[in-house]
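Worksheet: the structure to be examined is printed underneath.
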Amino acid sequence: MKTLFLDCNDQLAPVWQRVIRAGDPPIDVNRQPFASADLPKVLDGYDICIDDHSYMPTEFVDRCDALKHIVFLGTGPASYMSLADMAARGIKVHIIRNYGDTAVAEHTIALMLAACRDIARMDREVRAGIWTPHEGVQLLGKTLGVIGLGGIGSEVLRIGRGLGMTVIAWNRSPRPGFPLVALEELLERSDVISMNLTLNDETRGFLGPPQFARIKPGAIFVNTARAALVDETAFVEALRSGRIRHAGLDVFHAEPLKPDHPLATMANVTLTAHAAFRTLEASMTLLRRAIDIVREIVGPP
């Protein structure tokens, strides 16, 4: 079976070289950018592809005749392809969990701190010759609400508690020993909300107009999970009205985010480029596990 690393970028290429071992199955690496319409050409003859974060529209995957496995580098392939369509076509999508829980949690906390203290805005202003010290939000004693207590959410909760915050959480299933509350209570009490759910058919649009109406006025909102968990129109309105004081975002409905998108033009939004999981340690673990998945698919040499 032939395997292609579909979209190895300049950042991942040296990491890839560090994790490859003698005896690993042969894996070709594509480092050239391509349009989605070129997927059939790029994947021609390949049974397995490793996908970092490339969109794989069904109409083009349908023309990838040999493709039987997609190894997605992360846990959120639903943002980049239709999982139902892949399953219907006999293409198995593999995900990689818990490779970067601490990395993403630390980035979440970084966005939280940046949002609370308006750091990105002041950085832009100081560079432009504007000296305006903006008033920030002190976190000691404030309430952090974590939505989703998987590996990442649990880490966010741990670090938040270490900052001296009161921590509460909502999870889809019971988690003994964790400070769980109803979603409505979390939204109403939290000074900071961290979104850490997995995106699927049940959680898509999880926070909509009724939920945003319950959010504590002036709350900080951080999303390092998936943008589609949130109704974008209601979210933007909550930012404009001030119900959400500031948002720290690492994920967007369409990536890369266009410069004229409302979120890119708002002073009370701090943005990063879907980079929460991008640390050397997490990337090495991620790529090594991807290779091991390919090994399991291919079987003994």
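Any read-out appearing in this document is the output of simple, stated calculations on the displayed coordinates, not a laboratory observation. The structure displayed is predicted, hence computed values, not measured ones. Quick reminder, even Gly has a Cβ in these numbers, built from the backbone with ideal geometry, and neighbours come from all protein chains shown.
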With at most 10 other Cβ atoms within 10 Å, longest stretch of the chain clear of loop GluC sites (Glu not before Pro) (DSSP)
1-134
log10 I(q)/I(0), Debye, Cα-only the chain, no solvent, q = 0.10 Å⁻¹?
-0.60
Hey, with R₀ at 45 Å, roughly what FRET efficiency would ARG172 and ILE119 work out to, going by the Cβ-Cβ distance, to 0.05?
0.85
Mean shadow area (nm²) of the C-alpha convex hull around the stretch 117-157 is 4.1 nm²
Could you sort 126-133, 194-201 so that the peptide with the highest average Cβ count within 10 Å comes first and the rest follow in order?
194-201, 126-133
The Rg/Rh figure for the stretch 54-119, Cα atoms and Kirkwood Rh, to two decimals is 1.19
Acute angle (nearest 10 degrees) that the helix 280-298 long axis makes with the longest principal axis of the chain, alpha-carbon atoms:
40 degrees
Over all directions, what mean area does the Cα convex hull of the stretch 206-266 project, stated in square nanometres?
3.7 nm²
In degrees, nearest 10, range 0 to 90: what is the angle between the Cα axis of helix 101-117 and the longest Cα principal axis of the chain?
30 degrees
Under the rule of -39500 (n - 2.57) per DSSP H run of 4 or more residues, summed and divided by the residues of the chain, what mean residue ellipticity at 222 nm is obtained, to the nearest 500 deg cm²/dmol?
-9500 deg cm²/dmol
Can you compute the FRET efficiency between VAL181 and HIS53 using 1/(1 + (r/R0)^6), with r the Cβ-Cβ distance and R0 = 41 Å? Round to the nearest 0.05.
0.80
For the stretch 96-124 and the stretch 135-173, distance of Cα centres in Å:
13 Å
Taking Cα atoms of the stretch 135-224, Rg/Rh with Kirkwood Rh, to two decimals?
0.94
Percentage relative contact order, the chain, counting C-alpha pairs under 8 Å, at least six apart:
18 percent
Any idea what log10 I(q)/I(0) is at q = 0.18 Å⁻¹ for the stretch 28-156, Debye with uniform C-alpha scatterers and no solvent?
-0.95
Which shape class applies to the stretch 166-287: rounded if a/c is under 1.5, otherwise prolate when a/b exceeds b/c and oblate if not, where a ≥ b ≥ c are the square roots of the Cα gyration tensor eigenvalues?
oblate
Working from Cα positions, state the angle (0 to 90°, nearest 10) between the long axis of helix 232-241 and the longest principal axis of the chain.
30 degrees
